[in-house]
Amino acid sequence: MEPLNALVSLSNFMLIPALAYGSQLALGALGITLIFSILRFAHFAHGDTMALGTAAVIGGTLFLQAQGITEPFGLPTALLAIPFGLLVMIAYLLTADKLVYKYFRKVKAKPLTLVMASLGVMFVTNGITRLFMGVGETRFEDGNRFLFTVREFRDFTGLAEGMALRSAQALTIITALVVMVALFWFLNRTRSGKSMRAYSDNEDLALLSGINPERVVMITWTITAILLVLAGTLYGLDKGFRPFNYFQLLLPMFAAAILGGLGSPIGAIVGAYVVAFAEMGITYAWRRVFTYLMPEGLEPNSMMQLLPVDYKFAVTFAILVIVLLFRPTGIFKGKVL
Amino acid sequence: MSLTARDLGLFAIMFAVLAMVAMFQSPQLAVTILNMSLISAIMALGVNMQWGYAGLFNVGIMGFTAVGGLAVVLIAQPPIPEAWAAGGLGILLGLMLGVSTILASVIVYKRMTPSKMRGLAIFAVLVVGYLLTSYVFGPAKQAVQAVNPASEGYLGGAGLPVIFAWPVGAVFAAGVAWMVGKVSLGLRSDYLAIATLGISEIVIAVLKHERWLARGVNNVTGIDRPVARPIELQPLPWVQSLAETLGWSVSQTASVVSGLGYSALFIFVLAILIWLAERALNSPWGRMMRAIRDNEISARAMGKDVTRRHLMIFVLGSAVCGLAGAMMVSMDGQLTPGSYEPLRFTFLIWVMVIVGGSGNNWGAVLGAFVIWFLWVQVEPAGRWFMEIVTSGMADGSDLKQHLLSSAAYMRLLTMGVALLLMLRFAPRGLIPER
Amino acid sequence: MTQPFLIGDSMTGGYGGADILHNCTIAVEKGEIAVIVGPNGAGKSTAMKAVFGMLKLREGSVRLQGEDITGLTPQARVRKGMGFVPQTSNIFPSMSVEENLEMGAFIRRDEIRATMEQVYELFPILRDKRRQAAGELSGGQRQQVAVGRALMTKPSVLMLDEPTAGVSPIVMDELFDRIIEIARTGISILMVEQNARQALNIADKGYVLVQGENRYTDTGQALLADPEVRKSFLGG
């Protein structure tokens, strides 16, 4: 019985990665929920837009590296390129809105028409990303890769089991926290943020109160762009950049937003962590943890893995199905029906 | 038949373009495009039933076609007795245990009053069921996969004629659609979209991972074909004399003849489906479906069980997609789970439906032809375009290399632009609903 | 004859299809209460929406303090000093009471504290519940939020579309009292009411509309006393 070693092993292979993954999902799901509550459609281009934003950051990173400007304070160069990525993506999303979505808003098209339009944008975005990046994997993480390594941890604590904290993971968790706090401050304390909430609550009354819907829409896309670029960059630093993986994030992001309640920002965050921990927990091989926890002689002889990793989408899907069956409004009662 | 002269003209142009491909590029390419267009047309028809008749948004087409493709393996491949002996029983038993676990937890949920006890009971059922299932299933699966893994390692199929696989593919897809529809219909319209997106990813994950079922990423190849292979046609005297008349090589003639054999089969199926779909659309049932689509609230108020009707049309449309998926696998003679990509198998079909004209069966068919043609031809066009763009650059420069190698992605861009332009300027499509 | 403070003069129009209003005139003087009553489908709410610019007039005009505002959008009319309380969906349900009031004052760039105090004076219960989400309040309290929201722009005219729909009689009396109080501060009130008798009781001016036309127009008291009006519209 060595609970401490069990905990360390669990943290290293499950808790920390899940926390990082959950933070990345949360930033993405927040964007989905914001677009849903303001523009009122399911934004299918979300994953691919995230990929394009990350591609822009990678482009900036390569440029900076070529200039010899690298690794500020040992952190990844990509951090310096984020402002560039933000500018590109804000411009991209606002242009997409102007060229595509604005017309459908004007003619008061059905939400599904807007979803369809977002499919078109998805195709275009997808094509642009691949034109620049191809389909293969790009790694752009540099700087000190670890805050502390397994060996350092073991030497320091004297435990048998080691634990590492990668800078990308730590960065992800801290950034997500800061961004979430900033977002809630913006939504609850500023005039623009409140006008967004008002617009989401009651469009007609917001109009009557003199809130300019086009401005609200612009702010929404801008915030979405920020969330997307950060989420995409952090995900890419953590796991490497492959455009298709970003597309596949669509499902867990939607699942998180629906689980939390579409239209509820706090719900999107909670939903994202639930999805992340469920995915990781169910596809994690618990053998080591139980080897430490069980009394001698009773150690498990299998991997103790509930599902193979290939089925992580099945976990997300199961969560989605359970929510749809039992509580379609989500945990925090989103806008539904 | 509800085709105007204009519609016929559009089809005529399409076939003229295909004829030009045959003349200027190669007859094989024209036949390949034709056959894939026909299959895409059937998929588009299925999607059009869901979207055009009922306004259901299915983004899991890939999953339904893949399930249809699985049927081909399970029907047409010969059974592998060693594998069955090694673990067939265990796998069947394991599957049954898995299903009974879910059923048992549903029964517990329905029978017990809501309480903490119920939650615990369901949890207990799931845990016990999971342990039992994996105890039986795991070793059986390992045993099956260990049987001659280089070429087999799966249970094989029923060894029936491949043509039976087509309706079975439709039934498989219908079954999956029923489960998804049961859960997500009757809620917000975008929920079906997200649920279908999910199920299609899972279907592909299962196909890739469960090697005992259809060899997973190792692919099943050499599946029996419904039409003679070119290699079998080549020695036939009439093929050889035909080659002489046309002035083509024998191998080219044989592959065109073989391809046209598929075309004939596909056209036959497509014709039956269109006939049925058109009849259904113009029947009282079709009018009711469209009435529901146009005003769900008043249809509900009139006492129509909208959710049930939606489930029905969703299952039917998905079955058509499954059928097309089975046809595609039997044409290729192989099931390659790794090749199923959502952009190609789900979203491209959507572009076909929107461009063709949602709500119009002929529109869906035309859309499939136009878009598949573009999909095939944009790639060389993109390369040509990139060659012009890069012609001024120094040979061997990185940028030139990069741009040339990226030409393939021009097609995604083109499809997106086509979809957006249609939605914006001609939302009713090439052949509008009437 | 002097100009009324706000007048919808000989308005004719509808929502695109057939005309709903036929040469209908509605006016209100400064600090007075004008009430529009009539049977269902008489075009009461339509007349009010026409005054507020929510439907296009084919003929006639709307003038505020003598200025022709017929061509202005509802938003522009809000800036001109008109406040409007819709019949339904008239609050931001997930926002707190205080935020609802803030949103009411969205177009104002000056200090809104004092106005908010006035609203709290008028509806003390809102002060107690100012941190609560407006959607969680009772029906009567929600109406108070809705009226308070409209008052935040410091309007010179307040237009209320059936403010007492769906509230209990006690709450209704209470609301009417508050409306009188608002009028005493110099704000003109134009309202549509289903509860004709009570509404005419507090009205300086009453308009009885039938099929989009003015049928009777007089002071509230005179209409209440008119046997014809009593028989046809007030249930004897």
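Taking B:Ile102, B:Ile91, B:Ile61 in turn, the Gaussian network model of chain B (Cα-Cα springs below 10 Å) assigns the largest fluctuation to B:Ile102. Segment A:307-327 to segment B:64-127: how many Å between their Cα centroids? So the two Cα centres are separated by 16 Å.
Quick check on segment A:171-242: take the gyration tensor over C-alpha atoms, sort the square-rooted eigenvalues as a ≥ b ≥ c, and tell me if it's rounded (a/c under 1.5), prolate or oblate. Present the calculation step by step, with values, prior to reporting the outcome.
Values: a/c = 4.17, a/b = 2.28, b/c = 1.83.
It is prolate, given that a/c is not under 1.5 and a/b is the larger ratio.
Relative to the longest principal axis of the Cα atoms of chain A, helix A:191-201 runs at roughly 80 degrees. Here segment A:56-108 and segment B:359-374 have alpha carbon centers that stand 37 Å from each other. Membrane-span-like helices in chain B, defined purely by DSSP H runs whose alpha carbon atoms cover 27 Å or more axially and whose average Kyte-Doolittle hydropathy reaches -0.5, are B:27-48, B:89-111, B:116-146, B:165-184, B:189-209, B:250-281, B:306-332, B:361-390. Look at the alpha carbon pairs under 8 Å that are at least 6 residues apart: their mean separation over the length of chain B gives a relative contact order of 29 percent.
So what's the projected area for segment B:80-153, the Cα convex hull averaged over all directions, in nm²?
Directional mean of the projected Cα hull area for segment B:80-153 stands at 5.1 nm².
For segment C:1-89, the Kirkwood hydrodynamic radius from C-alpha pairs, put into Stokes-Einstein at 10 °C and a viscosity of 1.306 mPa s, yields a diffusion coefficient of 119 µm² per second.
A simple count of charges around A:Leu293, restricted to other residues whose Cβ falls under 15 Å of its Cβ and scoring Lys, Arg +1 and Asp, Glu -1, yields -2.
Using the Kirkwood radius over Cα pairs, work out the Stokes-Einstein diffusion coefficient for segment A:18-246 at 4 °C and 1.567 mPa s, in µm²/s as a whole number. Walk me through the numbers before you get to the answer.
Working: Rh = 18.8 Å.
The diffusion coefficient I find is 69 µm²/s.
Computed over chain A, relative contact order equals 31 percent, with contacts defined as Cα pairs under 8 Å that lie 6+ residues apart. Mean separation of Cα pairs under 8 Å and 6 or more residues apart, divided by the residue count, gives segment B:80-153 a relative contact order of 52 percent.
Lys and Arg at +1, Asp and Glu at -1: add these up for the other residues within a Cβ distance under 13 Å of C:Phe123 and post the number. Don't jump to the answer; show the numbers that get you there.
Values: positive: C:Arg127, C:Lys129, C:Arg130, C:Arg142, C:Arg149, C:Arg178; negative: C:Glu98, C:Glu117, C:Glu121, C:Asp128, C:Glu174, C:Asp177, C:Glu181.
Its environment carries a net charge of -1.
Is the protein assembly as shown rounded, prolate or oblate when judged by the Cα gyration tensor, a ≥ b ≥ c being the square roots of its eigenvalues, rounded requiring a/c under 1.5 and prolate requiring a/b larger than b/c? In terms of gyration-tensor shape, prolate. In segment A:223-337, Rg over Rh equals 1.07, where Rg is the alpha-carbon radius of gyration and Rh the Kirkwood radius from pairwise Cα distances.
Computed FRET efficiency, Cβ-Cβ of C:Arg197 and C:Gln3, R0 25 Å: what is it to the nearest 0.05?
On the way: r = 31 Å, r/R0 = 1.23.
After rounding, the FRET efficiency stands at 0.25.
When the Gaussian network model of chain C links Cα atoms closer than 10 Å, the mean-square fluctuations of C:Ile36, C:Ile170, C:Ile91 top out at C:Ile170. Using only Cα atoms and rounding to the nearest 10 degrees, what angle (0 to 90) does helix C:169-184 make with the longest principal axis of chain C? So the inclination is approximately 90 degrees.
Mean projected area of the Cα convex hull of chain C, taken over all directions, amounts to 12.7 nm². Classify segment B:218-272 from the C-alpha gyration tensor, please: rounded if a/c falls under 1.5, else prolate or oblate depending on whether a/b exceeds b/c. Oblate. For the listed residue pairs A:Lys110/C:Lys56; C:Lys49/C:Lys205; A:Lys102/C:Lys44; A:Lys106/C:Lys49; C:Lys49/C:Lys80; A:Lys194/C:Lys30, the alpha carbons are over 27 angstrom apart in A:Lys102/C:Lys44; A:Lys194/C:Lys30. Between 0 and 90 degrees, the angle of helix A:16-39 with respect to the longest Cα principal axis of chain A falls at about 10 degrees.
The distance separating the Cα centre of segment A:1-45 from that of segment C:55-76 comes to 53 Å.
A crude spin-label estimate for the pair B:Leu93 and B:Arg383, with each label 7 Å from Cα along the Cβ direction, gives 5.5 nm.
Across chain B, the volume of the C-alpha convex hull divided among the residues equals 201 Å³ per residue.
Of all the options B:Met352, B:Met14, B:Met36, the one that moves most in a Gaussian network model of chain B with Cα springs shorter than 10 angstrom is B:Met14. Based on every Cα atom in segment A:134-180, Rg and the maximum pairwise Cα distance Dmax equal 14.4, 46 Å. What the Cβ-Cβ distance of C:Asn23 and B:Ser100 gives, at R0 = 60 Å and to the nearest 0.05, is a FRET efficiency of 0.20.
Read-outs throughout are calculated quantities, based only on the coordinates presented, and are distinct from any laboratory measurement. Since the model is a prediction, treat every value here as computed from it, not as a measurement. Because the Cβ atoms are built from the backbone with ideal geometry, glycine has one as well, and the counts that use them run over all protein chains shown.
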